[in-house]
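See below for the structure under consideration.
The values are calculated or read from the model by the stated rules, or taken from the named source; none is laboratory data. A quick note: this is a predicted structure, and the numbers were derived from the prediction, not measured. Note: ideal-geometry Cβ built from the backbone for every residue, glycine included; neighbour counts use all protein chains shown. Note: areas computed on protein heavy atoms with side chains; ligands, DNA, RNA excluded. Shrake-Rupley method; radii C 1.70, N 1.55, O 1.52, S 1.80 Å.
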Amino acid sequence: MIVITIVHTGRDIAKERDRWICISVGLIVAATAFRTAVAFYPQYAPVLYILSALVWSTPFIIYMIRHFKWLLSPRIDGLQG
């Protein structure tokens, strides 16, 4: 989603890389690990499901905070689309 946002809003992808992309990917991987842990620790399933949902939704909240204004503004390179 981040790459598409950068390209479709006319920004240079090489200049827009930052630590938030890495943090977001790490959080999604961590959420997957929590969800997988349910198979090995079923007694903690409710806690792991909630933790997984919170950790999984955090990158999308970061995305909305950082990129929502780009999606609502015109392209910075002046092209249509």
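A few points about this structure:
- Number of the exception - R66 against (1) within 21 Å of R11 (Cα to Cα); (2) open to solvent by 30 Å² or more (accessible area, probe 1.4 Å); (3) out of contact with any Phe, Trp or Tyr (no Cβ under 7 Å at 6 or more places or on another chain): (3)
- Total residues in the range 1-27, condition surrounded by fewer than 16 Cβ atoms within 10 Å (Cβ to Cβ) and either within 11 Å of P59 (Cα to Cα) or under 13 Å from the mean Cα position of the chain (by Cα) (or both): 10
- Qualifying positions in the range 28-53 - without any contact (Cβ under 8 Å) to a residue 12 or more places away in the chain, open to solvent by 100 Å² or more (accessible area, probe 1.4 Å) and in a helix (DSSP H, G or I): F40, Q43, Y44, I50
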